[in-house]
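A short reminder: the numbers here are calculations on the coordinates, not readings from a lab. Predicted model only: the values in this text are computed from it and were never measured. Because the Cβ atoms are built from the backbone with ideal geometry, glycine has one as well, and the counts that use them run over all protein chains shown.
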Amino acid sequence: MKNKFLIPIFLTFLLNYSCYSINSEKNNDEINSQQVENNKVELDVNEVFNLLNDKNYQFIDVREEYEYREGHIKGTKLIPLGTIESSLNFLDKNINYVMICRSGSRSMKALKILKSNGFNNVFSMKGGMLEWAKNNLPIER
């Protein structure tokens, strides 16, 4: 008999808690360069999309040239991972960089290379171009 009364109470609690969680999430449309946390190293694809027109960010695709030609984010600069270290002299340490690759692995490697060479404002796009395409975000071919 007690269980009959506890189940509706539990379900009401669960429903109210899930609605609170959904409403308290940050709206991705509101992100800008001032809202990116200093210690955050990964940005999700929606955060990157919202930063594309921000002049304080430069987007670097670290995939190989053939991958880049298959489809990339408009405005990204191609610097394959194998050439990142030799390209460091051409990068400005005062700019925010977002590294992009196929799945997020190579972009994290590029991030580590830049960070170990004194670049502090470097981010990796979580999930890479696979996640970008999965979210039906624009791809330039």
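Anything in region 99-125 that is closer than 17 Å to GLY71 by Cα and surrounded by 18 or more Cβ atoms within 10 Å (Cβ to Cβ)? List them, or say none.
MET99, ILE100, CYS101, ARG102, GLY104, ARG106, SER107, MET125 - these are the residues of region 99-125 that are closer than 17 Å to GLY71 by Cα and surrounded by 18 or more Cβ atoms within 10 Å (Cβ to Cβ).
Within region 77-92, does at least one residue satisfy the condition of being touching a residue at least 40 places away in the same chain (Cβ under 8 Å) and hydrophobic (A, V, I, L, M, F, W, C)?
No, every residue in region 77-92 fails to be touching a residue at least 40 places away in the same chain (Cβ under 8 Å) and hydrophobic (A, V, I, L, M, F, W, C).
Would you confirm, using the coordinates I've provided, whether ARG63 is basic (Lys, Arg) and crowded, with 20+ Cβ neighbours inside 10 Å?
Yes: the conditions hold for ARG63.
Filter region 127-141 for residues that are touching a strand residue (DSSP E or B) at 6+ places or on another chain (Cβ under 9 Å) and under 14 Å from PHE59 (Cβ atoms); which is surrounded by the most Cβ atoms within 10 Å (Cβ to Cβ)?
MET129
Say whether the condition of being among the charged types (D, E, K, R) and within 20 Å of VAL45 (Cα to Cα) is met by at least one residue in region 86-102.
Among the residues of region 86-102, at least one is among the charged types (D, E, K, R) and within 20 Å of VAL45 (Cα to Cα), which makes the answer yes.
Looking at the structure I just gave you, is LEU52 of a type in the set (A, V, I, L, M) and surrounded by 16 or more Cβ atoms within 10 Å (Cβ to Cβ)?
Spelling it out, it is not the case that LEU52 is of a type in the set (A, V, I, L, M) and surrounded by 16 or more Cβ atoms within 10 Å (Cβ to Cβ).
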